[in-house]
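K.L.:
Have a look at the structure that comes next, please.
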Amino acid sequence: MTETRSPGWLSRTLQRLTADEHTIDAEELRADSASAGCEPLASCRKGAVVTVTGRLKSVVYTPRETVPTLEAELFDGSGSVTLVWLGRRRIPGIVPGRTVTARGRFAAFDGRRVIYNPWYELGAG
């Protein structure tokens with residue numbers, strides 16, 4: 001029988017000291033998401049209503065012939081999802097670097113993961 005042990009304090013400290021900035025940021029975002037009681041994006045499934053939290057990496061206004069859209073990429077440390085607001089050019093507070101909690105139906109469109117017209121709450125940032 002093999003025994004699995006969690007890494008000790010020294011192993012965790014050495015890992016954090018040698019990890020790159022992106023890895024440490026992703027770990028912190030995953031921890032924040034878990035402490036907020038949100039699903040990690042990596043485990044979200046198409047069609048499910050999910051609540052996710054993370055940091056906005058980019059925000060883009062896309063003028064379209066039919067309906068303009070505001071798209072924001074949300075990263076939680078485990079993955080990314082595009083939040084899409086139809087008919088919006090701008091939403092105050094939706095800016096790169098801002099922490100956002102979003103809730104809506106998880107979908108896949110053109111090979112990307114999206115939540116259309118999510119309910120959202122702005123966090124610190």
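K.L.:
Quick check: at a probe of 1.4 Å, how many percent of the accessible area of the range 40-125 sits on carbon and sulfur atoms?
P.N.:
On the way: 2430 of 4640 Å².
Carbon and sulfur: 52 percent of the exposed surface of the range 40-125.
K.L.:
What shape does the range 53-117 take by its C-alpha gyration tensor, where a ≥ b ≥ c are the square roots of the eigenvalues and a/c under 1.5 counts as rounded, a/b above b/c as prolate, and the rest as oblate? Can you show the working numbers first?
P.N.:
Values: a/c = 1.90, a/b = 1.24, b/c = 1.53.
The shape class here is oblate.
The values are calculated or read from the model by the stated rules, or taken from the named source; none is laboratory data. Values in this document were obtained by computation on a predicted structure and should not be read as measured data. With ligands, DNA and RNA removed, areas are computed over all heavy atoms of the protein, side chains included. Shrake-Rupley method; radii C 1.70, N 1.55, O 1.52, S 1.80 Å.
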